[in-house]
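Q: Can you read through this structure? Questions will come right after.
The values are calculated or read from the model by the stated rules, or taken from the named source; none is laboratory data. Keep in mind that what you see is a predicted model, and the values were worked out from it rather than measured. Heads up, the Cβs are rebuilt from the backbone with ideal geometry, glycines too, and the neighbour counts pull from every protein chain shown. With ligands, DNA and RNA removed, areas are computed over all heavy atoms of the protein, side chains included. Shrake-Rupley method; radii C 1.70, N 1.55, O 1.52, S 1.80 Å.
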Amino acid sequence: MSEENITRLELDGKEVILIGTAHVSKQSAEQVKEVIDAEQPDSVCVELDQQRYQSIKEGNKWKNMDIFKVIKEKKATMLLMNMMISSFQSRMAKQFGINPGQEMIQGIDSAVEHDAELVLADRNIQITFSRIWRNLGFMGKVKLLMSIVYGIFSDDDISEEDLERMKSQDMLDTVLQEFSESFPQLKTPLIDERDQYLAQKIRSAKGDKVVAVLGAAHVPGVKKEIYREHDLKKLTKVPPKSKKPKVIAWAIPLIILSIIAYTFINNPSAGTYQAISWILWNGSLSAIGVAVAMGHPLAILTAFLVAPISSLNPLLAAGWFAGFVQAFVRKPNVSDFEKLSEDVHTVKGFWNNKVTRILLIVVMANIGSSLGTFIGGADVIRVFLENL
């Protein structure tokens, strides 16, 4: 049996065998089977969380999704992130004729075959996304969302260089690698914290011999962190929202309304101009966002009408209203949900599927409204200063 990509560790009398896998390599899956067959471990740890494990075992049950609930619970962005990963994986599989994650499936199958304890050792992907999201400022979130939308619709082929890089990285890390370069603060929740989480799950696995199937990029970090105790509760806690954004979110509309009212009292024509500027910038940019996502005319009109108001109330969002209208007018049917897992693989499918169209409308309307708030607010302040 080849020892390449295998790391053996001793930990308090327990033997830990780390298999650094290439997520796009058939040889990795074969090696996983070989190692588990030969070692007969008490536990097998795989780099999956419960959500991804269920997807592997049962497939993504898209048809069970309630699109109205997704919008109401503000999960449209998270769902788009998951779909981006799915789309990226499928393009890669199609271009290179490979099946990403096969080594994890093999780890699961071998654990069952040898009656070993199966440990889902990775942190919940939604928690990882949430911790990433809380580490970004407002403009960082806008840039990240735009990058996600571009990533979904980019039809660029994956280069051989990218493929080689994938052979030593976790799929999630590969997809978001370019983001971590643009946003250095992503490295901690995306890589470092997951190394700590994986290490703790492996060190606490049952038995005297444990085999762990990991993406090769995590092996160095896990080797370092496995000799330390890590608090899983702390690593899975979603940081509370900072009060500062909430204060700013309420302060901006109060300032804008006060400035317009003051200007109107002293110069009615200037005040009227400010109000119109606010409405046009907010409404137009939000409506343009919906139009870019090819929303229904009623959804575009809704974004235009709601954005100037929702921008003055942090409890509201133009995207929610535009998304609801789109869902009512172009209500997804059963076939849209059933085809969703296939449609996210292509640009055409993403455009044509009514479910993904709604999600894009929610995100793009909110991005447009946010930009409109900054530009419209700047114009309101400019007129105010000119009329002092």
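Q: For segment 40-59, which positions are farther than 23 Å from Asp195 by Cβ and in a helix (DSSP H, G or I)?
A: Selection gives Gln54, Lys57, Glu58.
Q: Given the structure, is Ile361 part of a helix (DSSP H, G or I), within 21 Å of the chain's Cα centre (by Cα), aliphatic (A, V, I, L, M) and modelled with pLDDT of 85 or more?
A: yes
Q: On the basis of being farther than 30 Å from Lys354 by Cβ and either modelled with pLDDT of 90 or more or open to solvent by less than 20 Å² (accessible area, probe 1.4 Å) (or both), does Ile17 make the cut?
A: yes
Q: Restricting to segment 325-345, and then to whatever is out of contact with any Ser or Thr (no Cβ under 8 Å at 6 or more places or on another chain), over 14 Å from Ala293 (Cα atoms) and open to solvent by less than 80 Å² (accessible area, probe 1.4 Å), can you tell me which residue is modelled with the highest pLDDT?
A: Only one residue tops the list, namely Val329.
Q: Starting from segment 353-372, take each residue that is without any contact (Cβ under 8 Å) to a residue 40 or more places away in the chain and list its partners that are assigned to a helix (DSSP H, G or I) and crowded, with 24+ Cβ neighbours inside 10 Å, counting only C-beta distances under 9 angstrom and pairs at least six apart or across chains.
A: Pairs found: Lys354/Gln326.
Q: Mind checking which pairs have a first residue in segment 194-213 that is without any contact (Cβ under 8 Å) to a residue 40 or more places away in the chain and farther than 15 Å from Ile127 by Cβ and a second that is open to solvent by 10 Å² or more (accessible area, probe 1.4 Å) and aliphatic (A, V, I, L, M), Cβ under 9 Å, 6 or more apart or different chains?
A: Ser204/Val119; Ser204/Leu232
Q: Restricting attention to segment 232-273, which residues are open to solvent by less than 90 Å² (accessible area, probe 1.4 Å) and under 30 Å from Ile17 (Cα atoms)?
A: Leu232, Leu235, Thr236, listed by residue number.
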